[in-house]
Amino acid sequence: MTGETDLKTLISHMRPMLDPEPYVFCTFTARDFQDLADYGPVGLFAETEGTTAILPVERARELGLGDAEWFRRITLTVHSSLEAVGLTAAISSALAERGISANVVAAYFHDHIFVPEEKADEALKTLRELADSTL
């Protein structure tokens with residue numbers, strides 16, 4: 001397994017980056033991954049109830065779903081190991097203290113946090129403060 005596992009190193013090197021694109025979380029019971037791939041999802045997940053897609057707002061609008069709650073993605077640019085322990089808890093706790101929900105998606109190289117669009121700047125500031133506090 002590649003990537004960093006030390007929590008202090010992960011937090012101090014995470015360099016959160018805010019994606020300018022807004023996203024929506026959608027669910028579909030009658031569309032499969034191949035069909036949804038045409039809409040440029042940044043994430044797809046199969047659940048018992050249906051397929052969850054994280055779509056750019058403009059693409060979700062094509063499906064009549066652009067009015068769903070908008071989220072912004074913050075990418076932690078540190079290469080975290082999928083076996084790292086505590087990073088999700090640390091960032092979720094820091095955001096929770098400020099009343100910001102966090103939908104965390106761990107991918108192979110980085111963790112991505114989706115936060116409500118109206119709280120994106122505050123979330124970014126919070127995560128940068130968390131990183132600076134471990135230096």
Fill in: Nearest 10 degrees, 0 to 90: helix 87-96 Cα axis against the chain principal axis
80
Worksheet item: In the full protein assembly as shown, how much of D32 is accessible to a 1.4 Å probe, in Å² to the nearest 10?
Response: 90
Discussion item. Please report the accessible area of R128 (heavy atoms, 1.4 Å probe, ligands and nucleic acids excluded) in Å², nearest 10.
Written reply: 120
Worksheet item: Counting each DSSP H run of 4 or more residues in the chain as -39500 (n - 2.57), what helix-only mean residue ellipticity at 222 nm follows after dividing by all residues, to the nearest 500 deg cm²/dmol?
Response: -8000 deg cm²/dmol
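Among residues other than V57 whose Cβ falls under 13 Å from its Cβ, what is the net charge (Lys/Arg +1, Asp/Glu -1)? Mind dumping the intermediate values first?
Details: positive: R59, R61, R72, R73; negative: D19, E21, E58, E62, D67, E69, E117.
Around V57, the charge tally is -3.
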Response to the item:
Between the Cα axis of helix 120-133 and the main Cα principal axis of the chain, the angle (0 to 90°, nearest 10) is 30
Fill in: H79, H112, reordered so the largest accessible area comes first (probe 1.4 Å)
H79, H112
Item to complete: State to the nearest 20 debye the size of the charge dipole of the stretch 56-126 about its Cα centre, where the only charges are +1 on K and R beta carbons and -1 on D and E beta carbons.
Response: 100
Fill in: Average accessible area per residue (Å²) across the stretch 1-79 - probe 1.4 Å, nucleic acids and ligands excluded
57
Item to complete: Might you work out the accessible area of E58 for me, using a 1.4 Å probe with all protein chains in place, and round it to the nearest 10 Å²?
Response: 110
Fill in: Carbon plus sulfur fraction of accessible area for the chain, probe 1.4 Å, in percent
51
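The values are calculated or read from the model by the stated rules, or taken from the named source; none is laboratory data. The shown structure was predicted, so the numbers you read here are calculated from the model rather than taken from an experiment. Don't worry about glycine lacking a Cβ; one is built from the backbone with ideal geometry, like all the others, and counts go over all protein chains shown. These area figures cover heavy atoms from the full protein model, side chains too; ligands, DNA and RNA do not enter into them. Shrake-Rupley method; radii C 1.70, N 1.55, O 1.52, S 1.80 Å.
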